[in-house]
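Here is the structure we will look at.
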Amino acid sequence: MIYRSRRDDLENQLNKGALWAVTYGDLMSYLMIFFLVLFSFSIAKTDKVKSRKYEESLVNIQRAFGGKADDKRVERAKAQEREDNVADKIKASMENNQMSSLVQIDSNERRVKLVLAEAVLFDSGKAELKDRAREVLKPILEELKKLPNDVLVEGHTDNVPIHKGRYATNWELSMARAYSVVKFMEETGMAPKRLAGSGYGENRPASENTTPEGRAKNRRIEISLLKSE
């Protein structure tokens, strides 16, 4: 009995002395999470894709530890999710209207870019939108109007010189075409402060100008939804 009592007393003393280890272990866990968050943030500064994942992870960590997530951070994460989904929504909208073959859609960490060939929007050498062009653009604009992001319209041509018509150079033609699209966007209800247009003529080709097929690819309009920082 005396031996058992002494043994119990010894175990109690050891257990009391070891309580610091529990607190110490919790502290080390919190410190590890803190430094992992800092490390992730340092990487995310130079990579927008990682930055988006960082925002989502930080919100989840705050909620997991019982904290209240920052409202601005939560809203930014939601906005980034909407930006990432807009490409799929536009693609689905074009398929529903049987126009998917008319628009090429590309999305990266900076923008959602839509590429439309000249033949879809304009007659050769002209900058006035065709009636068919308005039908093609409308479902695209309906999705773009749901977001507050800036939209950039870029006009491009091939390198074949213009010898007659209203426009003296490919540069002028590309700028006029970009403006026609911007003007139509404004007419359909998009805020002018969101819109910008530019023309590059033949200076930024998407393909070689040595074949008819290549030149057709170069005669295009690019509409870009710029993603938030």
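Every number here is computed from the coordinates shown, using simple stated rules; none is lab data. From a predicted model like this one, the values you see are computed outputs, not experimental measurements. FYI the Cβ positions are ideal-geometry reconstructions off the backbone, even for glycines, and counts take in every protein chain you see.
Some points to look at:
- Note on region 83-226: semi-axes of the ellipsoid equivalent to its C-alpha gyration tensor, largest first and rounded to whole Å, are 24, 16, 14.
- For the residue pairs K130/K227; K78/K193; K91/K126; K78/K227; K113/K227; K126/K227, the alpha carbons lie more than 20 Å apart in K130/K227; K78/K193; K91/K126; K126/K227.
- Taking amide H as placed 1.01 Å from N in the peptide plane, L195 has its amide H under 5 Å from the amide H of V151, each at least 5 places away in sequence or on another chain.
- Taking amide H positions as modeled 1.01 Å from N, with prolines and chain starts lacking one, the residues under 5 Å from K227 and 5 or more places away or on another chain are R111, V112.
- Integer Hz, Karplus 6.51/-1.76/1.60 couplings in order for region 195-202, x for Gly and Pro: 9, 8, x, 8, x, 10, x, 9
- Inter-centroid distance (Cα atoms) of region 135-214 relative to region 85-101, Å: 20
- Ranking of R82, R215 by count of other Cβ atoms within 10 Å, fewest first: R82, R215
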